[in-house]
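Working notes for the structure below.
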Amino acid sequence: MSQITFPVNRFQQLDTPFYYYDLYTLQQTLSAISEAIQKDPHYQVHYAVKANANPRLLSLIAKAGFGADCVSGGEIQAALNAGFPSKKIVYAGVGKSDKEILSALRAGIFCFNVESVPELEVINQLAAAQGVVANVALRINPNVDAHTHAKITTGLAENKFGIAMEDMLPTLQRADVLTNVRCVGLHFHIGSQIEQMDSFVHLCERINELQDCLEAAGHNVEHINVGGGLGVDYVHPLTNPIPQFRAYFDTFRSHLHLRPQQTLHFELGRSVVAQCGHLISRVLYVKEGHIKRFAILDAGMTDLVRPAMYGSRHAISLLDKQGGCVAASDTNLHYDVVGPICESSDVFATDLSLPLLHRGDLLALHSAGAYGEVMASTYNCRPLAPAYYSDELNAES
Ligand SMILES: *Cc1c(COP(=O)(O)O)cnc(C)c1O
């Protein structure tokens, strides 16, 4: 795949900061997923809307035939608006409100991923009042270490998410006696930005054990949902923009003992959208300190909070007049790249080697498509950064 070029002539006419979505990269990513699944009718991918609920991206993902994984009533509405069929929507979250549950029941979504017994009882009660039977899957906490950041690991034993393994059978038995819920599956999600397939192998082994235990107790489920979490290459986003989908799906194909009548569901978020998004910003000032040299940008943690929130790092490029990314050279200098927000954590990079920077230079912060625009805030009374798309900017250049 050739490296992306940016429509800088158009960028020059726009106020910064803004999000730039390269729809070609998104399409390549969606095709790579479809190819890796090899049209297996037993595999279904739900896009995790929380990674980016931008309506244009959502509608392209819906058109590609994906389902949606939602974690709030607002996300379900966004998914429906974008054209996801309600029968392809799954709904997770530890704190679903009555109002959210009711609207999901009315929309006729495929399945609730239930995270506790009290939630199961409430869904049953609300479904009864509506005269419907709700499909539910139990979210089981498989106690698998995802080897990822502490703030994004979810599958360890002590965690607010999910039902403990030893509570699986009692919860299933509870579901059996409730008349307005039908337990159709088991759901898992072990964390995010997982780069080692080992973690997914461990998840498969755990699911195999749980399924054996389930069948020994006389239960079957039709659906297994393994959540999301596949990582992306934040270090080399331009040369390696497509995540390892083949290795990911092959891991489940080789290690998970899917029963013949079962469907396997995935909930990929980050890996679908991270690399198609770039946060474009201008250098406001270069400040020469006594020890450090600061590049102060007009984008900050209000536009892209991941560095401040998780200490994560995004690759940053200086854009040249042709829209390419200026390559590193021996005239590079070291910069702390920071935003304008009144918080010390508003730092995108420390000691980053970049070409000589000047006021007005355009920088691209890469891999910003996931957990970027969707997490933006108006802190400091800053306006939200707008979004532009490769098809509209390229068409007029
Ligand atoms: C966040 C989340 C996902 C998506 O995770 P990614 O790491 O973005 O793929 C999937 N399922 C559930 C339940 C989640 O909470």
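The values are calculated or read from the model by the stated rules, or taken from the named source; none is laboratory data. Predicted model only: the values in this text are computed from it and were never measured. Quick reminder, even Gly has a Cβ in these numbers, built from the backbone with ideal geometry, and neighbours come from all protein chains shown.
Tabulated results
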| quantity | calculated |
| --- | --- |
| Extreme residue, farthest from residue 69 (Cα to Cα), among residues of the range 82-113 that are of a type in the set (A, V, I, L, M, F, W, C) and away from the ligand (no atom under 16 Å from the Cβ) | 102 |
| In the range 14-58, residue surrounded by the fewest Cβ atoms within 10 Å (Cβ to Cβ) [restricted to those that are outside any helix (DSSP H, G or I) and in contact with a Cys (Cβ under 7 Å, 6 or more places away or on another chain)] | 22 |
| Check on residue 367, over 15 Å from residue 294 (Cβ atoms) and in a loop (DSSP other than H, G, I, E, B) | yes |
| Matching residues in the range 1-57 - criterion: being of a type in the set (A, V, I, L, M) and over 20 Å from the mean Cα position of the chain (by Cα) | 1, 4, 8, 14 |
| Test result for residue 334, within 16 Å of the ligand (Cβ to nearest atom) and out of contact with any helix residue (DSSP H, G or I) (no Cβ under 8 Å at 6 or more places or on another chain) | no |
| Selection from the range 46-81 of residues that are within 15 Å of the ligand (Cβ to nearest atom) and under 18 Å from residue 277 (Cα atoms) | 47, 48, 49, 50, 51, 52, 53, 54, 57, 58, 61 |
| Count of the range 72-115 residues which are of a type in the set (Val, Ile, Thr) and surrounded by fewer than 21 Cβ atoms within 10 Å (Cβ to Cβ) | 1 |
| Test set (1) within 16 Å of the ligand (Cβ to nearest atom); (2) of a type in the set (Val, Ile, Thr); (3) in contact (Cβ under 8 Å) with a residue 60 or more places away in the chain - residue 221 fails condition number | (1) |
| Single match in 314, 290, 257, 334 (criterion: surrounded by fewer than 22 Cβ atoms within 10 Å (Cβ to Cβ), in a loop (DSSP other than H, G, I, E, B) and at pLDDT 95 or above) | 257 |
| Of all residues making up the range 179-206, the number that are within 15 Å of the ligand (Cβ to nearest atom) and more than 16 Å from residue 231 (Cα to Cα) | 4 |
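Each row is one residue, and each column tells you yes or no for (1) at pLDDT 95 or above; (2) assigned to a loop (DSSP other than H, G, I, E, B); (3) surrounded by fewer than 13 Cβ atoms within 10 Å (Cβ to Cβ).
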residue	(1), (2), (3)
329	no, yes, yes
340	yes, yes, no
351	yes, no, yes
359	yes, yes, yes
